[in-house]
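Below: one structure, written as structure tokens.
The values are calculated or read from the model by the stated rules, or taken from the named source; none is laboratory data. Source: prediction; values computed, not measured. Positions of Cβ are generated from backbone atoms using ideal geometry, with glycine treated the same way; all protein chains shown enter the neighbour counts.
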Amino acid sequence: MKTSKFWRLFTFCVSGILLIVGMASAVAQIAQYRFSALKIELLPQVPFGVLAIANTGSVPLDFKVRVQHWQQRETGEDELHLLPPNSLELVAFPNLLHLPVGGRAEIRIRHRFPAPEVERTYRLLVAEILPAPQGPSSETRLVTVHSLPVFIKPAVIRRQGQLLNAQVQQGTLQMTLRNQGNVHIEADQIKVRGLAQNGQRLFEVRPQREYVLAGVTRPLMPMPLPQDQCAAVRTLQIVLDVVANPPATQVEQPTGVCR
């Protein structure tokens, strides 16, 4: 099913934004709101959840809610298809919200399928609806559509992944993640440690969050490494921390990881 022109325009928006601020002129009214969660996970025994939105700004707000089916290609790109409004695959209700100043509303989410063998994945789109312009001098606000991941867990969860092709180029770590389990992996579950010649840990950092869905192998976004002690780094130890006692990948850097 093809997405409408309106929704195609916004599906590129970054997931997991907790706060969006829309501003007008120098004495602008400010639209502020907060979500109660950055992702929704539904369990077989609890097939429903709630996402709350609180209006913390100075103007009333209206939102439209839609659901997308979410998959990933082997090349890493997301593949998104809007579910029809009458679909019972994953229900988000209500699909229109009005929040007065200081108000709070809840979106109730429910699925109607038996527990899957492999995690089902969706995106919940929450878009602010702008009020109609009141004239040529009307204020303009910047708005964004939020794309929040929704995961329907299998009855039996298997977490398994493998890091491939890890290498450092000009101070940046590049690597590929293969998800061999039946649930998603988040890139910030990876620990990257910089070790000195004597094994001393100089830093430990994590990539920014991005998702690799079950059965997918995809390159992660390049990760800049800390530069303050880069010349002393001789080994990068990379751990995918999704199972007990995970194996570590080693990248030897005899001359450090500086640019």
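Criterion first (of a type outside the set (Val, Ile, Thr), outside any strand (DSSP E or B), over 20 Å from the mean Cα position of the chain (by Cα) and surrounded by fewer than 19 Cβ atoms within 10 Å (Cβ to Cβ)) does GLY76 satisfy it? So GLY76 fails the test. For the range 102-114, does any single residue satisfy the condition of being closer than 27 Å to ARG34 by Cα and outside any strand (DSSP E or B)? Scanning the range 102-114 turns up at least one residue that is closer than 27 Å to ARG34 by Cα and outside any strand (DSSP E or B). In the range 234-248, the residue that is surrounded by the fewest Cβ atoms within 10 Å (Cβ to Cβ) out of those that are over 24 Å from the mean Cα position of the chain (by Cα), modelled with pLDDT of 85 or more and not β-branched (Val, Ile, Thr) is ALA248. Each residue in the range 156-196 was checked for being surrounded by 15 or more Cβ atoms within 10 Å (Cβ to Cβ), among the basic types (Lys, Arg) and either in contact with a helix residue (DSSP H, G or I) (Cβ under 8 Å, 6 or more places away or on another chain) or not in a strand (DSSP E or B) (or both), and 1 pass.
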